[in-house]
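The values are calculated or read from the model by the stated rules, or taken from the named source; none is laboratory data. No experiment lies behind these values; they were computed from the predicted model shown. Using ideal geometry, Cβ is built from the backbone for each residue, glycine included, and neighbour counts are taken over all protein chains shown. Ligands, DNA and RNA are excluded from the accessible area calculation, which covers all protein heavy atoms including side chains. Shrake-Rupley method; radii C 1.70, N 1.55, O 1.52, S 1.80 Å.
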Amino acid sequence: MFKLVNTIIVYFAILAGSTATAYELKIALNIASSDNRVEKIFLSQFNKSLEKEVREIENFSIISKENLEKLVSGTSIDLDDCDKLGCIAEVGRLAGVDFIIAGFVKKRNKYFIDIYVIEVSKSRMLASKSFNESEKSLSKGGMKKIAKMIVSSIDKATPKMDVAITSYPKGAVVTLNNQVLGETPITAANLRKRQNYSLSFHKQGYERLDMNFTLGKQKKIHAKLVQQMGAMLITGQPFKSKIYINNKFAGKLPRTNYQNNVGQYSILIKKPGYKKYRGTFEIMPNTINQLQVQLKRKPKIPALLSSAVIPGSGQIYRGFPWRGLLFMAAAAGVGYLTAVEYMDYDKKHTQYLNDLDSYKNQADLNQIKSDKERVLSSFDLMKKQETMLNNYLYAAGAVWSINILEIFFE
């Protein structure tokens, strides 16, 4: 699936990056014999060797002498007798080439070779040169010398230009016609117009991008590289543990298939009551790797001890913040109300003791009865307040107990 998607993306990227129709500079070779002392086998081998040497210097589209003979077979043109500029140019037009390389070979002690480079569209001779070579010298560099003369003459007649090559992202290694140029942004200098070129872009973490272009009016070539894709299958326990990748929620256990660009990622897996898992993983191109995680439960004893001192703190420690805050709020609320009731109880208790002392020390018989009623009334109020205080104390104990039991039976 990844390969299919990437292939489609790269295909459109190539279409967008290539701004001209394909065209190769075309030449034709017509080296003939000027006397019957030149063997046909030698002449055939000479044309083939020259074609090979020219191709090694420049990747021209070359029409061989054999194919030229097929092209003119239905005409009155005899290639071996075609020694005039007009005839040679006419052969070039029939072949649909830009340049035609004509020549004649005659044999004495050595081979005397006359080479002519003709620009077909203008019917003009670009260069002519004679060579005096033996069979041995031809095989040891003489043929390459002739090929260099031909290519050099075509170079001078063909406009050249520099092309700026960029990419997104930058830093891609550029290969031009199988030769490494360097990293983008870079300039390819002295490229021949109308010549077909191949480009390749390479960058780690991105799909390789190949494109062909013909140098025309464009002075810039821009390639948009596509990041390589992969996936990481994350499995494990406990159920519904939350997964965060690069600090973003990515799914839950027991199974999450995370797909993204090639690279390294941080991962956090957590669930209340369990120790967090933190780590990193790497997504490889066009592959699905697997990461298996088993979260460990947090120990209950520290949580129990903590909640025994501060209700709710154990729940927070184990990863249940809202539950812990609820217990804390309940304990704080009940504790506050208990303190208020205790202060009221203390006042009523003090009032009762004062009334009791007054009653015991009363000498006036007429006041004894009223003091006794006041003591009984103070005692009743104190007892009621004591009951309210005990209820709140029971409530505080219940909050504390439930808080402990909730952790113990979780």
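Could you tell me which numbered condition residue 287 fails, if it satisfies all but one of (1) farther than 30 Å from residue 410 by Cα; (2) touching an Asp or Glu at 6+ places or on another chain (Cβ under 8 Å); (3) modelled with pLDDT under 90?
Here residue 287 meets the rest and fails (2).
Residues being modelled with pLDDT under 90 and loosely packed, with under 14 Cβ neighbours inside 10 Å: count how many of those fall in the range 171-180.
Looking only at that region, the number is 2.
Residue check: is residue 214 among the β-branched types (Val, Ile, Thr) and in contact with a Ser or Thr (Cβ under 7 Å, 6 or more places away or on another chain)?
Details: among the β-branched types (Val, Ile, Thr): yes; in contact with a Ser or Thr (Cβ under 7 Å, 6 or more places away or on another chain): yes.
It is true that residue 214 is among the β-branched types (Val, Ile, Thr) and in contact with a Ser or Thr (Cβ under 7 Å, 6 or more places away or on another chain).
For the range 44-70, give me the residue count where each residue is open to solvent by 20 Å² or more (accessible area, probe 1.4 Å) and farther than 17 Å from residue 118 by Cα.
Of the residues in that region, 15 qualify.
Does the range 101-118 contain at least one residue that is on the phi < 0 side of the Ramachandran plot, open to solvent by 30 Å² or more (accessible area, probe 1.4 Å) and small (Gly, Ala, Ser)?
no
Here is a yes/no grid of residues against (1) in contact (Cβ under 8 Å) with a residue 24 or more places away in the chain; (2) surrounded by fewer than 18 Cβ atoms within 10 Å (Cβ to Cβ); (3) under 20 Å from residue 283 (Cα atoms); (4) over 20 Å from the mean Cα position of the chain (by Cα):
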site: 169; (1), (2), (3), (4): yes, yes, yes, no
site: 182; (1), (2), (3), (4): no, yes, no, yes
site: 186; (1), (2), (3), (4): no, no, no, yes
site: 213; (1), (2), (3), (4): yes, no, no, yes
site: 219; (1), (2), (3), (4): yes, yes, no, yes
site: 227; (1), (2), (3), (4): yes, yes, yes, no
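Just to be sure, is residue 32 modelled with pLDDT under 90, within 46 Å of the chain's Cα centre (by Cα) and on the phi < 0 side of the Ramachandran plot? Before you say what the answer is, go through the steps one by one.
Values: modelled with pLDDT under 90: yes; within 46 Å of the chain's Cα centre (by Cα): no; on the phi < 0 side of the Ramachandran plot: yes.
So residue 32 does not fit the description; no.
Here are the criteria: (1) in a loop (DSSP other than H, G, I, E, B); (2) surrounded by 12 or more Cβ atoms within 10 Å (Cβ to Cβ). Tell me which single one residue 73 does not satisfy.
Status for residue 73: all satisfied but (2).
Give me a count of the residues in the range 373-410 that are open to solvent by 90 Å² or more (accessible area, probe 1.4 Å), touching a helix residue (DSSP H, G or I) at 6+ places or on another chain (Cβ under 9 Å) and modelled with pLDDT under 85.
Adding up the residues that qualify gives 1.
Check residue 122 against each of (1) exposed (fewer than 15 other Cβ atoms within 10 Å of the Cβ); (2) charged (D, E, K, R); (3) not in a loop (DSSP other than H, G, I, E, B) and name the one condition it does not meet.
(3)
Cβ contacts < 6 Å: first residue within 13 Å of residue 377 (Cα to Cα) and without any contact (Cβ under 8 Å) to a residue 40 or more places away in the chain, restricted to the range 336-358; second residue open to solvent by 80 Å² or more (accessible area, probe 1.4 Å) and assigned to a helix (DSSP H, G or I), any location; separation 6+ or different chain. Result?
Filtered contacts from the range 336-358: 348/381; 355/374.
So which residues in the range 333-358 are open to solvent by 70 Å² or more (accessible area, probe 1.4 Å) and modelled with pLDDT under 90?
Answer for the range 333-358, where residues must be open to solvent by 70 Å² or more (accessible area, probe 1.4 Å) and modelled with pLDDT under 90: just 357.
Of all residues in the range 188-202 being of a type in the set (D, E, K, R) and open to solvent by 40 Å² or more (accessible area, probe 1.4 Å), which is modelled with the lowest pLDDT?
Going through the range 188-202, the residues of a type in the set (D, E, K, R) turn out to be 192-194.
Those left that are additionally open to solvent by 40 Å² or more (accessible area, probe 1.4 Å): 193-194.
On the way: 193: 68, 194: 62.
The extreme case among them is 194.
Need pairs with beta-carbon distance below 7 Å; first residue of a type in the set (Phe, Trp, Tyr) and within the range 268-296, second open to solvent by 60 Å² or more (accessible area, probe 1.4 Å); sequence gap 6+ or separate chains.
From the range 268-296, the pairs are 274/296; 274/297.
Among (1) over 33 Å from the mean Cα position of the chain (by Cα); (2) free of Cβ contacts under 8 Å to residues at least 60 places away in the same chain; (3) outside any strand (DSSP E or B); (4) surrounded by fewer than 19 Cβ atoms within 10 Å (Cβ to Cβ), which single condition is residue 148 missing?
Of everything listed in (1) over 33 Å from the mean Cα position of the chain (by Cα); (2) free of Cβ contacts under 8 Å to residues at least 60 places away in the same chain; (3) outside any strand (DSSP E or B); (4) surrounded by fewer than 19 Cβ atoms within 10 Å (Cβ to Cβ), residue 148 misses just condition (2).
Considering only residues that are of a type in the set (A, V, I, L, M) and either assigned to a helix (DSSP H, G or I) or surrounded by 13 or more Cβ atoms within 10 Å (Cβ to Cβ) (or both), look in the range 359-372 and name the one that is nearest to the chain's Cα centre (by Cα). Before you say what the answer is, go through the steps one by one.
Going residue by residue through the range 359-372, those that are of a type in the set (A, V, I, L, M) are 363, 365, 368.
From what's left, either assigned to a helix (DSSP H, G or I) or surrounded by 13 or more Cβ atoms within 10 Å (Cβ to Cβ) (or both): 365, 368.
Working: 365: 103, 368: 98 Å.
Residue satisfying both the conditions and the ranking: 368.
So which residues in the range 247-303 are surrounded by 12 or more Cβ atoms within 10 Å (Cβ to Cβ) and among the small types (Gly, Ala, Ser)?
Going residue by residue through the range 247-303, those that are surrounded by 12 or more Cβ atoms within 10 Å (Cβ to Cβ) are 250-254, 256-263, 265-277, 281, 283-289, 291, 293-295, 297-298, 300, 302-303.
250, 251, 263, 266, 273, 303, listed by residue number.
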